[in-house]
Amino acid sequence: MRTVFHLITGEEAQQQTALTVAENLSKDETVEMDDIAVVAQAEGIEPLTAGGDGSETVADLLAAGISFKACSNTLDTMDLSESDLVDGVETVSSGVGELTRLQDDGYAYIRP
């Protein structure tokens, strides 16, 4: 199974919930996961930025095998570059395009 989490909110508590739920899924031994991804856009990009609230959690989850994808449109809008992101975060041309592609590839969509 494959799951994608959509991180779009600027509310810190909701961002932390999304990261916690992704981590919990990765540790759930009763579910056989092939891939877990987090796509961040708009104000949800904060935890993926180096030094941002939640960036340490993102680094830990990357090390645990969860992939993180940042919307390039959001980076442009917020005047950020790839070098502003936590090491290992991938950029995608658009968050909505990546979410659509992943769902078409059979990923379950979750927006905590």
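Read through the list (1) β-branched (V, I, T); (2) closer than 20 Å to A108 by Cβ; (3) in contact with a Gly (Cβ under 9 Å, 6 or more places away or on another chain), then give the number of the only condition that T3 fails.
(3)
Name the residues in region 21-46 that are among the hydrophobic types (A, V, I, L, M, F, W, C), within 18 Å of S81 (Cβ to Cβ) and outside any helix (DSSP H, G or I), would you?
Passing the criteria: only A40.
Do you know which residues across region 57-93 are in a loop (DSSP other than H, G, I, E, B) and without any contact (Cβ under 8 Å) to a residue 40 or more places away in the chain?
G65, M78, D79, L80, S81, V86, D87, G88, S93
If you take the residues in region 11-65 that are polar (S, T, N, Q) and open to solvent by less than 20 Å² (accessible area, probe 1.4 Å), which one is nearest to T100 (Cα to Cα)?
Q15
The values are calculated or read from the model by the stated rules, or taken from the named source; none is laboratory data. Since the structure is predicted, the reported quantities are computational estimates derived from the model, not experimental observations. Cβ: placed from backbone, ideal geometry, glycine included. Neighbour counts: every protein chain shown. Ligands, DNA and RNA are excluded from the accessible area calculation, which covers all protein heavy atoms including side chains. Shrake-Rupley method; radii C 1.70, N 1.55, O 1.52, S 1.80 Å.
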